[in-house]
Amino acid sequence: MKSPVRVAVTGAAGQICYSLLFRIASGSMLGPDQPVELRLLEITPALKALEGVVMELDDCAFPLLAGVQIGDDANQVFDGVNLACLVGARPRTKGMERGDLLEANGAIFKPQGRALNDHAADDVRVLITGNPANTNALIAMSNAPDIPRERFNALTRLDHNRAVAQLAAKTGSSVNDVKHLSIWGNHSATQYPDVFHATVGGRPAPELVDQAWLESDFLPRVQQRGAAIIEARGASSAASAANATVDHMRDWVLGTAEDDWVSMSVPSDGSYGVPEGIISSFPCTVSGGAYSIVQGLDVNDFSRGKIDASTAELVEEREAVRSLGLI
Ligand code: NAX
């Protein structure tokens, strides 16, 4: 039996984690022969609820679950962790300005970045799901100077999966037939789901759908999907966000399929004119535990405008957190 991988998860008593923890413990994330040890972080008032979640984890008798520890101190919970899923964040409440939101999240992700820097294992990889995910990842990364920057990612896989499902439905295909879709930019309503390089059953997607559908149906539907789910369910996406978190981490650790790529928000190296340093979504492949941004794609004028608009928003968010002294 392999030795356990230590996985930290924050926001562990929240709704995404009510799905995520069970997926991790069952082996969905790291495979059926990889034991895991869970390190769960919550704020103090949520620890009691978290104890209940841990009782349920116990009651599943997961063969791969080698141990669970909970706590409200990031320095202890992150000790020796190999993977960290940062899900807990401060949601936007009524009347909150963007600056307030960034500041409140800075108060979470700045100390968590530092705690990871000081206590995580040398091979730690960190995925930020909690919103605003890209900028929260930037804050955590900037406060962890000893951890290589490329070990900080943010989640845009849910957007990727949503776009795949929409394109499959439109073309009457299986999701298995859709390849090479890309999400660019921020995990926000400005994100750009790009079908220009996608194929469906081997055929170029632009031959199967028209520009009018792309602009007035597909883009807004993917961009506004989170809001549509809140409208229908009365609560934000949880199981699908957990699933995307599992997908992202699994592919980051175990690699992407030979014939496809995925969307990952990673620190920009300037590829495709995306300003260096912001954490932006790109088409990526993973091999040997390291991701690479797919290179050499043609970016048409339509895509250029959309990518530039979303990355401009990320640059603005970076300036805002810089002026707040968070990075
Ligand atoms: P919940 O409000 O159900 O849970 C969040 C949990 O985080 C709470 O239990 C809270 O006590 C905890 N928490 C707060 N501050 C913490 C801290 N400093 N340390 C540890 N835990 C802390 O939210 P949930 O629905 O689970 O969503 C979590 C986050 O994911 C939100 O920010 C949400 O906006 C974001 N999402 C991101 C998505 C993505 O694709 N990137 C999609 C789904 C979701 O909207």
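Derivation of every value follows stated rules applied to the coordinates shown; laboratory data play no part. If you're wondering where the values come from, they're calculated on a predicted model, not measured in any experiment. Here the Cβ is made from the backbone with ideal geometry for all residues, glycine too, and neighbour counts use every protein chain on show.
Remarks
- At R0 = 22 Å, FRET efficiency that the Cβ-Cβ distance of Gln69 and Glu150 yields, to 0.05: 0.20
- In the chain, the longest principal axis of the Cα atoms and the axis of helix 15-26 are about 80 degrees apart.
- Sorted largest first, the spans of the alpha carbon positions of the range 156-318 along the three principal axes are 37, 36, 34 Å.
- Remark: for residue pairs Lys48/Lys110; Lys179/Lys306; Lys2/Lys48, the C-alpha separation exceeds 27 Å in Lys2/Lys48.
- Lys, Arg +1 and Asp, Glu -1 on Cβ, resulting dipole of the chain about Cα centre, debye, nearest 20: 400 debye
- The range 5-154, relative contact order in percent, only Cα pairs under 8 angstrom and at least six apart counted: 24 percent
- Counting only DSSP H runs of at least 4 residues, each contributing -39500 (n - 2.57), and dividing by the residue count of the chain, the helix-based mean residue ellipticity at 222 nm comes to -12500 deg cm²/dmol.
- Taking the charge dipole of the chain about its Cα centre, with +1 at Lys and Arg Cβ atoms and -1 at Asp and Glu Cβ atoms, the residue from Ile128, Pro275, Met141 reaching farthest to the positive side is Ile128.
- The protection proxy used here, the mean number of other Cβ atoms lying within 10 Å of each residue, ranks peptides 226-233, 241-248, 312-319, 152-159 as follows, highest first: 152-159, 241-248, 312-319, 226-233.
- Computed about its Cα centre, the charge dipole of the range 5-154 is approximately 540 debye, with only Lys, Arg, Asp and Glu carrying charge at their Cβ.
- Overall form of the chain per C-alpha gyration tensor (a/c, 1.5; a/b vs b/c): prolate
- Annotation: extensible slack from Asp59 through Ala104 equals 12.7 nm (criterion: 0.36 nm per residue apart, minus Cα-Cα distance).
- Positive dipole terminus of the chain, leading residue within Leu102, Phe302, Val36 (C-beta point charges): Leu102
- Inter-probe distance in nm under a simple model that places probes 7 Å from Cα toward Cβ, at Ser173 and Ala189: 3.0 nm
- Fully extending the segment from Lys2 to Asp269 would add 92.6 nm, taking 0.36 nm per residue of separation and subtracting the current Cα-Cα distance.
- Net length available on complete extension from Lys48 to Ala227 is 61.4 nm, with 0.36 nm assigned per residue and the Cα-Cα distance removed.
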